[in-house]
Amino acid sequence: MPRGIKRIGATGMPFPFSREALAGARCAALCFGFGSSRTTSTTAVAKALPPPHLRDLSRPKNPNLATIVYTMLSSSPFHFRFHSHSHSHSHSPFPYPSPPSPVIANLPSLPRVPPYGGGGGCRPLQPPLVSYIPSLGALVPFPEKKPCCVLPADAAASIESRQGAWRGEHEEDEEDALPSGLRREWLPRHVAVIMDGNSRWAKARSLPTSAGHEAGYKALREMLRLSCAWGIRVLTVFAFSSENWLRPKAEVDFLMMLFERILRENIGNFLRESIRVRIIGDSSKLPFALQKLAKEVEEMSRNNSRIELVVAVSYSGRGDIAQACQKISQKVKHGLLEPEEITESLIAQELETTSIEFPCPDLLIRTSGEARLSNFLLWQSAYSELFFTKTYWPDFGEADYVEALFSFQKRQRRFGQRIT
Amino acid sequence: MQRVQSSKILRFTLGFFWCLLHLPVSIVHLGSYLIKQLLYYMISSGLLQKYQNLQLDKLRYLAIVVESEEAKNTTKIKQLLSWLSSIGVKYVTLYDMEGVLKKSVETDLKSSENPSVADGNAVASVHQERMTVELLSFSDGKGAVAKAASFLCLQYLEGDSVGYNKMEPVFTETDVTNALKAVGHGGPDPDLLLVYGPARCHLGFPAWRIRYTEIVHMGSLRSMKYGAVVKAIYDFSKKHQNYENMPQFVYEHF
């Protein structure tokens with residue numbers, strides 16, 4: 001159910017400048033020469049450092065400046081976390097210190113954490129990067145040191161629902177897995193993304209369009225990982241619209257092959273991470289092999305419950321509404337319903353998203369600077385917070401995601417009579 | 001003891017540097033806010049020539065979504081309409097969820113000089129000077145689609161009763177569009193939608209009509225500025241000009 005949110009901060013104080021602070025933090029990163037999401041300097045820094053759980057913090061092995069700075073910050077009472085992006089684009093700026101919060105104990109090494117959190121979705125996860133500067137209000141008071149304990153996102157066996165959110169037994173430790181300033185109870189349950197800008201990203205780098213789509217896939221993988229880690233329940237992505245069939249045939253064929261490859265490559269991950277996959281859209285236009293594979297993946301993952309990944313392929317928001325009207329008319333034809341009894345809730349029940357746990361997105365993100373829905377979830381987005389960013393989709397990383405989530409939490413949202 | 005003290009000193013030092021880093025960030029934000037306000041003032045004063053002659057070729061239909069609480073401020077609504085009229089916008093759709101605008105604005109517009117009212121349907125159109133104002137509420141959105149579905153079902157059943165072995169009903173997007181027009185909810189798709197309210201969402205504006213609508217959040221209605229409206233329309237006109245020479249099928253691309 002739609003719910004209102006209040007302005008919040010790490011200490012309950014308002015966050016007037018959090019989004020702008022994040023943008024300013026990026027400027028600060030540039031000033032300090034740590035690069036932006038569009039340069040490789042951040043990747044170079046990250047690659048120079050081994051993953052935190054494999055490092056001996058008391059004895060840095062590479063005595064270069066980056067390692068010295070890292071060691072200094074890691075051994076401080078502040079909670080500095082770093083994440084290696086050696087296998088994908090590094091979209092995040094240099095990590096910034098988080099506000100005083102549960103700190104890492106001065107251990108010689110952190111426990112080894114498998115890259116995808118192990119199997120069954122019940123293993124510890126590598127904490128995501130903390131990469132923004134919170135407001136000054138988060139500084140006071142300084143908390144006491146306590147050991148860091150990274151718990152899996154679904155460690156909360158007993159779930160209490162309160163205003164649509166859930167709290168686990170280890171709430172404080174689970175909040176530790178979130179970037180500071182984000183509160184789990186105020187996170188959106190359903191995030192929808194229009195992944196725009198792959199072609200322009202590639203063109204800006206004099207690369208073929210296929211390279212842009214490949215980079216976009218990596219960005220999607222990262223966003224899925226973060227969504228899993230932060231407890232987002234549903235992630236819907238607009239991969240291919242019904243209008244995209246008009247694009248050059250070579251590009252369309254490449255995209256269909258890419259979708260097929262992505263599904264095949266990640267079947268194991270979906271099962272390991274308990275990700276339920278759904279494909280929405282007019283599948284009749286897809287190649288037969290892709291249709292078959294999509295159905296198999298949906299069937300294999302149907303019992304997974306950690307997060308739902310909804311992929312809109314050959315999807316049209318208007319087409320979704322039209323097919324809902326069509327399904328209702330079939331019920332009318334068979335005498336199950338009278339035409340006068342058709343209401344908007346009946347139509348909502350027949351939409352392609354109806355079987356999703358939370359069918360309506362709380363937050364809808366569109367990248368690449370365009371500010372329109374482009375026929376995506378037209379019905380379902382009535383109360384969605386719209387977040388438009390100029391970043392191209394391949395460059396959309398953790399910092400951008402945090403910014404979007406902050407924007408969601410910051411706005412005072414009301415939904416007419418359903419004010420909570 | 002020495003270790004504890006050095007730890008405290010290190011903590012204080014890092015905290016100091018953290019504050020030092022955050023201060024310029026806040027200053028940058030404040031500066032950008034002030035620059036924006038200055039820009040709006042300059043636009044309102046007519047100091048910037050490029051905002052004076054807006055190209056409205058691409059802006060045929062403009063929609064305004066107002067949060068229902070703020071929609072009760074009829075003075076601001078009328079001021080906004082007068083601004084849009086002076087800019088030269090020809091068709092404005094006003095929407096709020098609870099129908100506050102339908103009750104308050106429609107009465108005022110009807111009582112103005114030379115009114116031309118086209119009502120009798122769920123949507124009331126009132127002509128004000130040279131601008132058409134369409135007033136909508138939540139019932140004109142999802143409720144209208146339900147009516148259109150009902151209309152399509154009745155149409156199908158009438159056809160079914162005549163023939164036999166009828167095929168299953170197949171409704172296309174065109175069928176739904178025609179059905180919406182038939183039930184009196186066939187308004188135009190707005191090119192630009194300005195949202196006034198605390199939340200950046202369209203609050204249930206008729207979903208069928210915002211397929212390719214540019215959505216801009218303008219903030220609170222209380223703090224609305226003429227310069228901000230002009231800038232939004234100017235930015236929209238510039239944005240669409242960039243795609244003018246591109247083939248239609250590339251207009252929407254990922």
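The values are calculated or read from the model by the stated rules, or taken from the named source; none is laboratory data. Keep in mind that what you see is a predicted model, and the values were worked out from it rather than measured. Ideal geometry is used to build each Cβ from the backbone, glycine not excepted, and the neighbour counts take in all protein chains shown. Accessible surface is based on the protein model in full, side chains and every heavy atom, while ligands, DNA and RNA are left aside. Shrake-Rupley method; radii C 1.70, N 1.55, O 1.52, S 1.80 Å.
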**Study point:** Where A:Asn375 falls short, out of the listed (1) within 30 Å of A:Arg302 (Cβ to Cβ); (2) in a loop (DSSP other than H, G, I, E, B); (3) more than 10 Å from chain B (Cβ to nearest Cβ)
**Key:** (3)
Practice item. Starting from the range B:179-203, keep only residues that are without any contact (Cβ under 8 Å) to a residue 40 or more places away in the chain and closer than 15 Å to A:Tyr383 by Cβ, then list their pairs with residues that are open to solvent by 20 Å² or more (accessible area, probe 1.4 Å) and in a loop (DSSP other than H, G, I, E, B) whose Cβ atoms are within a distance under 6 Å, requiring at least 6 positions of separation or different chains. Key: B:Cys201/A:Tyr383
Practice item. Of all residues in the range B:184-220, count the ones that are more than 14 Å from chain A (Cβ to nearest Cβ) and open to solvent by less than 10 Å² (accessible area, probe 1.4 Å). Key: 0
Review point. Of these, A:Val310, A:Val402, which one is in contact with a helix residue (DSSP H, G or I) (Cβ under 8 Å, 6 or more places away or on another chain) and more than 12 Å from chain B (Cβ to nearest Cβ)?
Key: A:Val402
Revision key, fill the gap. Taking first residues from the range B:13-42 that are more than 8 Å from chain A (Cβ to nearest Cβ) and second residues anywhere that are among the hydrophobic types (A, V, I, L, M, F, W, C) and open to solvent by less than 90 Å² (accessible area, probe 1.4 Å), the pairs with Cβ under 7 Å that are 6 or more apart or on different chains are B:Tyr40/B:Ala228; B:Met42/B:Leu48
Revision key, fill the gap. Going through (1) open to solvent by less than 10 Å² (accessible area, probe 1.4 Å); (2) closer than 30 Å to B:Lys147 by Cα; (3) at the interface with chain B (Cβ under 8 Å from one of its Cβ atoms) one by one, A:Phe387 fails only at (2)
Check your understanding: How many of the residues in the range A:348-375 are surrounded by fewer than 23 Cβ atoms within 10 Å (Cβ to Cβ), of a type in the set (Val, Ile, Thr) and touching a Phe, Trp or Tyr at 6+ places or on another chain (Cβ under 8 Å)?
Key -> 0
Point to revise | strands (runs of 3 or more DSSP E) contained in the range A:228-343 and holding at least 1 residues open to solvent by 30 Å² or more (accessible area, probe 1.4 Å) and in contact (Cβ under 8 Å) with a residue 24 or more places away in the chain | key: A:275-280
Check your understanding: Taking the condition open to solvent by less than 60 Å² (accessible area, probe 1.4 Å), more than 21 Å from B:Ala228 (Cα to Cα) and modelled with pLDDT of 85 or more, does B:Ser26 pass?
Key -> no
Revision key, fill the gap. Out of (1) over 30 Å from B:Lys238 (Cβ atoms); (2) of a type in the set (Lys, Arg); (3) in contact with a strand residue (DSSP E or B) (Cβ under 9 Å, 6 or more places away or on another chain), the one B:Arg3 does not meet is (3)
Check your understanding: When A:Phe387 is evaluated against the numbered criteria (1) part of a strand (DSSP E or B); (2) closer than 23 Å to A:Glu344 by Cβ, which criterion, by number, is the only one it fails?
Key -> (2)
Review point. When you look at A:Gln326, is it facing chain B (nearest Cβ under 9 Å), within 19 Å of B:Val176 (Cβ to Cβ) and not aliphatic (A, V, I, L, M), yes or no?
Key: yes
Review point. Could you count how many residues in the range A:344-358 are under 16 Å from A:Gly317 (Cα atoms) and either among the polar types (S, T, N, Q) or in a helix (DSSP H, G or I) (or both)?
Key: 6
Check your understanding: Just for the range A:405-415: of the residues that are open to solvent by less than 10 Å² (accessible area, probe 1.4 Å) and assigned to a loop (DSSP other than H, G, I, E, B), which one is farthest from the other protein chains (Cβ to nearest Cβ)?
Key -> A:Phe415
Point to revise | Selection count where residues are open to solvent by 10 Å² or more (accessible area, probe 1.4 Å) and either acidic (Asp, Glu) or part of a helix (DSSP H, G or I) (or both), scope the range A:189-207 | key: 6
Review point. Looking at (1) within 14 Å of another protein chain (Cβ to nearest Cβ); (2) touching a Pro at 6+ places or on another chain (Cβ under 8 Å), which is the one condition that is false for B:Arg60?
Key: (1)
Review point. Within the range A:208-220, can one find any residue that is within 23 Å of A:Phe408 (Cα to Cα), modelled with pLDDT under 90 and crowded, with 21+ Cβ neighbours inside 10 Å?
Key: no
Practice item. Scan the range B:63-90 for residues that are within 14 Å of chain A (Cβ to nearest Cβ) and of a type in the set (D, E, K, R) and jot them down. Key: B:Glu67, B:Glu69, B:Glu70, B:Lys72
